[in-house]
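For reference, the structure is listed below as structure tokens.
The values are calculated or read from the model by the stated rules, or taken from the named source; none is laboratory data. Worth saying up front: this structure is predicted, and the values here are computed from it rather than measured. Note that we place each Cβ from the backbone using ideal geometry, even for glycine, and neighbour counts take in every protein chain shown. Heavy atoms of the whole protein, side chains included, go into the accessibility calculation; ligands, DNA and RNA do not. Shrake-Rupley method; radii C 1.70, N 1.55, O 1.52, S 1.80 Å.
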Amino acid sequence: MHHISEVRIQNFKSISDGLFPLSYYTPLVGYNNAGKTNIIRAIGWIIKRSSLAAEDFHRQDQPVTVEAEISGITGEVLGAIGVAHRGRIEPLVFDGRIRIRRTQTTPGQTVAAIRFEVLRSENGQNEWMINPAGIDAAIGALFPDPIFIGAMENATEDVAKFGSGTTIGKLLKEIMTPVIKRHSPTVAVALQDIGRKLSANAVEKDETLIELDGRI
């Protein structure tokens, strides 16, 4: 399976300049405020662009740059992201790898002005291509939407007020979507009997509802 195998983060939050090798599963261990979350946020930013605020810059007079290598890109992987995305990525893949870099020069810079580059290797020479058409969306298509699970001070409260956009909501969607898809036909059949009793014009309408109709 393809994965981000290396990331270099420069001038992002608490990270002045750090190089981090990654595997299929990489635990980040450290004391509070060591910068673990900042690594995760930086990886999320290079995959899905957004404009960084002043507090995201380690030093506001220098640009934020995140560079990553994606390894394990096979024909099967490219085939799963659609013809259009494949056409943009495939020419830039070398030995199953592609190297990308995102740079924001100033806080609050517009999303359109944020530079996204892909390293192209041709005739033994490496050259960064700036904002190749459609490549940003194509890279994003390689990965599912990330779910960031933050610390929960009150899990009961978080569960009680979850919505589709919250962490709990996203996790439940990941769990329940395949379950619903697998069992929805059976559930639909099971609900037919009860539907005949609860429907407004059902022949076998529930006697309580019939009585209510008469009283109305």
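Residues in the stretch 46-57 that are in a loop (DSSP other than H, G, I, E, B) and over 24 Å from Arg99 (Cβ atoms): Ala53 only.
Yes/no matrix, rows are residues, columns are (1) more than 21 Å from the chain's Cα centre (by Cα); (2) within 20 Å of Ile9 (Cβ to Cβ); (3) β-branched (Val, Ile, Thr); (4) in a strand (DSSP E or B):
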position	(1), (2), (3), (4)
Ile40	no, yes, yes, no
Gly44	no, yes, no, no
Gln109	yes, yes, no, no
Glu117	no, yes, no, yes
Asn126	yes, no, no, yes
Ala137	no, no, no, no
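The criterion of being among the basic types (Lys, Arg) and either closer than 18 Å to Ile135 by Cα or surrounded by 18 or more Cβ atoms within 10 Å (Cβ to Cβ) (or both) holds for Lys13. No other residue among Ala84, Ala80 is among the aliphatic types (A, V, I, L, M) and over 14 Å from Asp136 (Cα atoms) apart from Ala80.
Scanning the stretch 16-38 for residues that are open to solvent by less than 20 Å² (accessible area, probe 1.4 Å) and either of a type in the set (Phe, Trp, Tyr) or part of a strand (DSSP E or B) (or both) yields a single hit, Gly18.
Just checking, how many residues over the stretch 39-70 are among the acidic types (Asp, Glu), open to solvent by 100 Å² or more (accessible area, probe 1.4 Å) and touching a residue at least 40 places away in the same chain (Cβ under 8 Å)?
Adding up the residues that qualify gives 1.
Got at least one residue in the stretch 129-139 being within 30 Å of Gly169 (Cβ to Cβ), of a type outside the set (A, V, I, L, M) and open to solvent by less than 70 Å² (accessible area, probe 1.4 Å)? Yes, the stretch 129-139 contains a residue that is within 30 Å of Gly169 (Cβ to Cβ), of a type outside the set (A, V, I, L, M) and open to solvent by less than 70 Å² (accessible area, probe 1.4 Å).
When you look at Ile73, is it touching a helix residue (DSSP H, G or I) at 6+ places or on another chain (Cβ under 8 Å), assigned to a loop (DSSP other than H, G, I, E, B) and either of a type in the set (Phe, Trp, Tyr) or under 24 Å from Glu127 (Cα atoms) (or both), yes or no? So Ile73 passes the test. Screening Gly140, Gly96 for residues that are under 20 Å from Ile43 (Cβ atoms), small (Gly, Ala, Ser) and in contact with a Gly (Cβ under 8 Å, 6 or more places away or on another chain) leaves exactly one candidate, Gly96. Scanning the stretch 88-107 for residues that are open to solvent by 50 Å² or more (accessible area, probe 1.4 Å) and either touching a helix residue (DSSP H, G or I) at 6+ places or on another chain (Cβ under 6 Å) or in a loop (DSSP other than H, G, I, E, B) (or both) yields Arg88, Glu90, Asp95, Thr105, Thr106.
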